[in-house]
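*Asks:* There's a structure below that I have some questions on.
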Amino acid sequence: MEKYRFDRKLQEAVLRRKEGQQPEIIIDGKEMKVRNPVFVVNMTRDVPCLVERDNKTGNTGYTVVAVSSSNVDKKDKEWICTSPVLLEQAICFFMENHQMESMSGTCRCASRLADARDSGFDLETGNAMIEIKIPLLVPDGTDSFIWKGFYHIVRQMAGYCSSSYCGDKGKRNILLTIYQHGTKHIFAMVDENTKKELEKAVRMGIEFWIAETKTEEDGISLLGYWDYTDKIL
């Protein structure tokens, strides 16, 4: 499958937090300013990361785009993208390049909804309304990351699909959850309350799909995508 490529290759660095101070990154042996990913606020060790230079007005330094649970010195690290915008752009790219037709249909491209705030959905294809969700990743205290907030995502989707907007459209309603390579699989993180919400959502007509992506310095790859709807009930 064709990779979604970044405009510029990301640079590897080390994210470091000193007690009582704002986090910083070490890049080429120099300390630089960095925007702080929320989920590493309480980190107690150096975290490998991929960064891009932040050229937006009013910002200085670098933005962290991905992190790794690997040791700083390890080669060939597994990277977890921390930018929902980049992941959504990658999914749109895969759809537009016919890499996800089993889910989105044969429509040439998926259009981003101008009224997404009202409908709750991100994209619309010829026969489907698609909401892309990326659960928050947080350190689990070992050498991995776990997913947070999935229960609320499912409840939110049920609200979307019960709206008059979706009823008027008469299209399939899809919850596409991004599972990132190198993290624990989503079903290892789903508790009983979330399972019940998933069952309710599926009975309301929501299709539950999972896409697995892999982030590298030069872009994001689609490793696969699956329809898990029948596995919920």
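The values are calculated or read from the model by the stated rules, or taken from the named source; none is laboratory data. A quick note: this is a predicted structure, and the numbers were derived from the prediction, not measured. Neighbour counts are summed over all protein chains in view; Cβ atoms, including those assigned to glycine, are modelled from backbone coordinates with ideal geometry. Side chains included, ligands, DNA and RNA excluded: accessible areas come from the protein's heavy atoms. Shrake-Rupley method; radii C 1.70, N 1.55, O 1.52, S 1.80 Å.
*Asks:* Sorting PHE6, PHE94 by accessible area (1.4 Å probe), largest first, what list results?
*Replies:* Numbers: PHE6 30, PHE94 0 Å².
My answer, sorted largest first, is PHE6, PHE94.
*Asks:* Assuming R0 = 25 Å, what is the FRET efficiency of VAL85 and ASP46, from their Cβ-Cβ distance, to the nearest 0.05? Please report the intermediate quantities before stating the final value.
*Replies:* Numbers: r = 26 Å, r/R0 = 1.03.
Computed FRET efficiency for VAL85 and ASP46 comes out at 0.45.
*Asks:* Packing-wise, with mean Cβ within 10 Å as the measure, how do 202-209, 127-134, 95-102, 24-31 rank, highest first? Write out the running numbers ahead of the final one.
*Replies:* Details: 202-209: 17.6, 127-134: 20.1, 95-102: 16.1, 24-31: 13.9.
Ranked by mean Cβ neighbours within 10 Å, highest first: 127-134, 202-209, 95-102, 24-31.
*Asks:* Near ASP230, within a Cβ-to-Cβ distance under 15 Å, what is the net charge of the other residues, with Lys and Arg +1 and Asp and Glu -1? Let's see the in-between values first.
*Replies:* On the way: positive: ARG172, LYS195, ARG203, LYS231; negative: GLU199, GLU207, ASP227.
It works out to a net charge of +1.
*Asks:* Could I ask something else about it? As a test question: what accessible area, to the nearest 10 Å², does LYS77 have when a 1.4 Å probe is rolled over all protein chains in place?
*Replies:* Number for this one is 30 Å².
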